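The values are calculated or read from the model by the stated rules, or taken from the named source; none is laboratory data. Keep in mind it's a predicted model, so treat the numbers as computed, not measured. For neighbour counting, all protein chains shown are included, and Cβ atoms are generated from backbone atoms with ideal geometry for every residue, glycine included.
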């Protein structure tokens with residue numbers, strides 16, 4: 001059943017993300033006391049008294065602002081077009097601002113039902129200020145304090161009362177792209193999660209938009225444009241895939257902004273929860289030490305990695321040769337990980353990303369019969385026995401995602417010999433770039 005969609009809108013810094021977190025009951029959206037923190041759409045599922053709906057947080061609507069403001073505003077407008085209900089938030093402590101009136105005029109022409117919310121009504125004394133909002137022409141306001149939770153239940157009651165049964169073209173359209181970490185259909189069983197990671201301004205959001213087929217993430221040449229980890233589910237011929245656009249990750253010593261620090265933590269969490277990671281490297285800048293650290297972080301998370309050298313079209317032949325050498329020197333530890341040369345802006349080479357992801361997912365979920373595991377281990381031991389009479393008595397695959405093999409041994413095996421056995425298993429079963437885990441049990 002398709003969930004109805006409720007979108008929170010308003011001018012910047014009126015408490016939209018605080019209200020989003022309050023209604024959700026979780027600190028999902030990044031909140032800071034300055035405008036412009038939220039930029040992309042962020043979607044999560046809410047349940048209230050047995051009624052479920054999708055709640056979407058948006059950035060501040062300010063189409064007459066800077067280029068980045070205009071891109072944020074277009075994301076808000078797209079969200080409203082897909083919505084079944086709009087929650088329009090106004091800061092009652094400031095009163096009706098000119099930008100509030102502009103938002104109200106736009107919403108009146110949108111054709112979507114609107115609940116007007118007077119936020120920051122922290123005490124009874126503020127209640128009298130609520131009635132000034134009537135001049136916006138959107139009906140009687142619902143007063144809340146998102147920060148303290150005052151009357152949040154009344155707002156949820158009003159939202160549920162306004163929602164029609166979850167059916168119709170708007171809801172079905174939105175179900176195709178479930179946005180927000182862990183939200184809605186993005187977590188459907190069997191849908192692999194693909195995290196797109198990299199340093200700031202290497203083209204992650206441009207690649208993300210290419211892969212999902214729409215301008216889902218805001219793309220701007222200012223580093224740090226993406227703040228939250230944004231999920232979008234895409235229906236591919238082989239089944240659904242959830243792509244996660246993450247914030248750019250800089251070296252910890254250079255992160256001096258609280259918002260960026262939270263963004264990086266969420267990006268790292270997205271990597272930990274992902275089935276596959278796409279590491280985007282700016283080919284025009286070469287493979288940096290930070291790219292190497294990010295690759296190590298992805299490798300430690302235990303998921304396969306696909307390396308995308310973006311902006312490949314900007315390099316001449318000499319620069320390409322230098323980059324190939326850097327790649328081997330700095331990222332050699334990722335082994336057989338596919339390396340794709342792409343140009344996300346033009347779309348050149350992006351079609352190969354899908355093939356690489358499909359192959360990585362097959363390897364990640366591969367299941368090998370026990371008899372075949374023992375056959376490969378026995379052959380490897382015959383070709384090169386371990387020192388001091390140590391040997392594997394029996395072996396089996398205990399898990400997938402990634403392939404995990406348990407080795408029962410008569411005594412401790414050196415790490416070098418375990419790496420030899422891992423390579424034998426990888427080559428025999430075409431495990432390619434996927435991580436392989438070995439668990440050793442001594443009898």
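Residue by residue, here is whether (1) closer than 30 Å to residue 237 by Cα; (2) touching a residue at least 60 places away in the same chain (Cβ under 8 Å); (3) within 32 Å of the chain's Cα centre (by Cα) holds:
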position	(1), (2), (3)
349	yes, no, yes
357	yes, yes, yes
364	yes, yes, yes
392	no, no, no
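Flag: residue 157 does not match the condition of being closer than 23 Å to residue 21 by Cα, touching a helix residue (DSSP H, G or I) at 6+ places or on another chain (Cβ under 8 Å) and either in the same structural domain as residue 55 (by TED's automatic domain parsing) or crowded, with 21+ Cβ neighbours inside 10 Å (or both). The lone criterion from (1) outside the structural domain of residue 301 (by TED's automatic domain parsing); (2) at pLDDT 90 or above; (3) in contact with a helix residue (DSSP H, G or I) (Cβ under 9 Å, 6 or more places away or on another chain) left unmet by residue 418 is number (3).
Of all residues in the stretch 113-143, those satisfying the criterion of being surrounded by fewer than 18 Cβ atoms within 10 Å (Cβ to Cβ) and assigned to a loop (DSSP other than H, G, I, E, B) are 113, 122, 123, 137, 139, 140. The condition of being touching a residue at least 60 places away in the same chain (Cβ under 8 Å) and either over 31 Å from the mean Cα position of the chain (by Cα) or in the same structural domain as residue 425 (by TED's automatic domain parsing) (or both) holds for only one of 316, 372, 401, that being 401.
Selection of helices (runs of 4 or more DSSP H) fully inside the stretch 312-413 by the criterion of at least 1 residues being crowded, with 19+ Cβ neighbours inside 10 Å and at pLDDT 95 or above returns 370-383.
Each row is one residue, and each column tells you yes or no for (1) touching a helix residue (DSSP H, G or I) at 6+ places or on another chain (Cβ under 6 Å); (2) over 25 Å from residue 361 (Cβ atoms).
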site	(1), (2)
285	no, yes
290	no, yes
296	no, no
305	yes, no
309	no, no
314	no, yes
318	no, yes
326	no, yes
330	yes, yes
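Against the definition (at pLDDT below 50, in contact with a strand residue (DSSP E or B) (Cβ under 6 Å, 6 or more places away or on another chain), closer than 28 Å to residue 18 by Cα and part of a loop (DSSP other than H, G, I, E, B)), how does residue 177 come out, yes or no? So residue 177 passes the test.
In the stretch 198-217, of all residues being buried (at least 22 other Cβ atoms within 10 Å of the Cβ) and at pLDDT below 75, the one that is nearest to residue 284 (Cα to Cα) corresponds to 217.
Within the stretch 431-442, does at least one residue satisfy the condition of being more than 39 Å from the chain's Cα centre (by Cα), surrounded by fewer than 18 Cβ atoms within 10 Å (Cβ to Cβ) and either modelled with pLDDT of 90 or more or not in a loop (DSSP other than H, G, I, E, B) (or both)?
Within the stretch 431-442, one or more residues are more than 39 Å from the chain's Cα centre (by Cα), surrounded by fewer than 18 Cβ atoms within 10 Å (Cβ to Cβ) and either modelled with pLDDT of 90 or more or not in a loop (DSSP other than H, G, I, E, B) (or both).
Of the residues making up the stretch 92-112, those that are in contact with a helix residue (DSSP H, G or I) (Cβ under 7 Å, 6 or more places away or on another chain) and outside any helix (DSSP H, G or I) number 5. Looking only at residues in the stretch 94-133 that are within 13 Å of residue 144 (Cβ to Cβ) and under 36 Å from the mean Cα position of the chain (by Cα), which one is modelled with the lowest pLDDT? Per the criteria, the residue is 122. When residue 64 is tested against (1) touching a strand residue (DSSP E or B) at 6+ places or on another chain (Cβ under 9 Å); (2) modelled with pLDDT under 85, exactly one condition is not met: (1). Looking across the stretch 414-428, the residues that are surrounded by fewer than 16 Cβ atoms within 10 Å (Cβ to Cβ) and in a helix (DSSP H, G or I) come down to 415, 416, 419, 423, 427.
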